[in-house]
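Peer 1: Pasting a structure below so you can have a look.
The values are calculated or read from the model by the stated rules, or taken from the named source; none is laboratory data. Treat the numbers as computed from the prediction; the structure is a model and nothing was measured. Cβ coordinates were reconstructed from backbone atoms using ideal geometry, including for glycine residues, and neighbour counts include every protein chain displayed. Calculation scope for accessible area: heavy atoms of the full protein, side chains included, ligands and nucleic acids excluded. Shrake-Rupley method; radii C 1.70, N 1.55, O 1.52, S 1.80 Å.
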Amino acid sequence: QVRLAESGGGLVQAGGSLRLSCAASGRTFSVTDRAWFRQAPGKDREFVAAIRWDGGTLYSDSVKGRFTIARDNAENIVYLEMNNLKVEDTGVYSCTARVKTLMALNNPRYKYWGQGSQVTVSS
């Protein structure tokens, strides 16, 4: 079992920055890919960014150029640096993890999910 714990959410004005962190514990040796998804009120969950075991990354078009995903393998932590935040970035951000698979990085079928961290961007 792998446990994920997010931190770093909060309230920020449009144009501001936040950094989310996701610490993994438990059987982390089995985990390869990590990703962030978000869900805005009244909307479906959507893919934000992912990082593969070899460092390869994928971003949704809506955050490309503004968000950066990174991982510290030694500490089993994944970060999501969010810059130039927009009101439409508001939502609950969940970090995820999965074992090695051939599924695309933006496929939501990740095995492990954190509880989520609220990010609110005000105008």
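Peer 1: Write out, first by first residue and then by second, each pair whose Cβ atoms fall under 6 Å of each other, whose residues are 6+ apart or on separate chains, and whose first residue, in the stretch 37-64, is closer than 21 Å to Gln115 by Cβ while the second is assigned to a loop (DSSP other than H, G, I, E, B) and of a type in the set (A, V, I, L, M).
Peer 2: Val48/Val63; Ala50/Leu105
Peer 1: Next up: How many residues does the stretch 73-91 contain that are within 17 Å of Ala23 (Cα to Cα) and either open to solvent by 10 Å² or more (accessible area, probe 1.4 Å) or of a type in the set (Phe, Trp, Tyr) (or both)?
Peer 2: Number of matching residues: 7.
Peer 1: Look at Lys100 and say whether it is of a type in the set (Lys, Arg), modelled with pLDDT of 95 or more and not in a strand (DSSP E or B).
Peer 2: Criteria not met by Lys100.
Peer 1: What's the total number of residues in the stretch 24-41 that are of a type in the set (A, V, I, L, M), part of a strand (DSSP E or B) and within 20 Å of Leu85 (Cβ to Cβ)?
Peer 2: Of the residues in that region, 1 qualify.
Peer 1: Something else: Between a residue in the stretch 94-123 that is farther than 12 Å from Ala35 by Cα and any residue that is open to solvent by 40 Å² or more (accessible area, probe 1.4 Å), which pairs come within a Cβ distance under 6 Å, given they are 6 or more apart or on different chains?
Peer 2: Close Cβ pairs satisfying both conditions: Gly116/Val92; Gln118/Val92; Thr120/Leu11; Val121/Ala14; Val121/Val87; Ser122/Gln13; Ser123/Ala14; Ser123/Val87.
Peer 1: When the stretch 45-60 is examined, which residues are found to be among the acidic types (Asp, Glu) and outside any loop (DSSP other than H, G, I, E, B)?
Peer 2: Correct list: Glu46 only.
Peer 1: Something else now. Checking Glu81 against (1) more than 24 Å from Gln1 (Cα to Cα); (2) outside any strand (DSSP E or B); (3) among the charged types (D, E, K, R): exactly one of these is not met. Which one?
Peer 2: (2)
Conditions tested, residue by residue: (1) open to solvent by less than 50 Å² (accessible area, probe 1.4 Å); (2) assigned to a strand (DSSP E or B); (3) out of contact with any helix residue (DSSP H, G or I) (no Cβ under 6 Å at 6 or more places or on another chain).
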site	(1), (2), (3)
Cys22	yes, yes, yes
Lys43	no, no, yes
Ser62	no, no, yes
Arg71	no, yes, yes
Leu105	yes, no, yes
Gln118	no, yes, yes
Val121	yes, yes, no
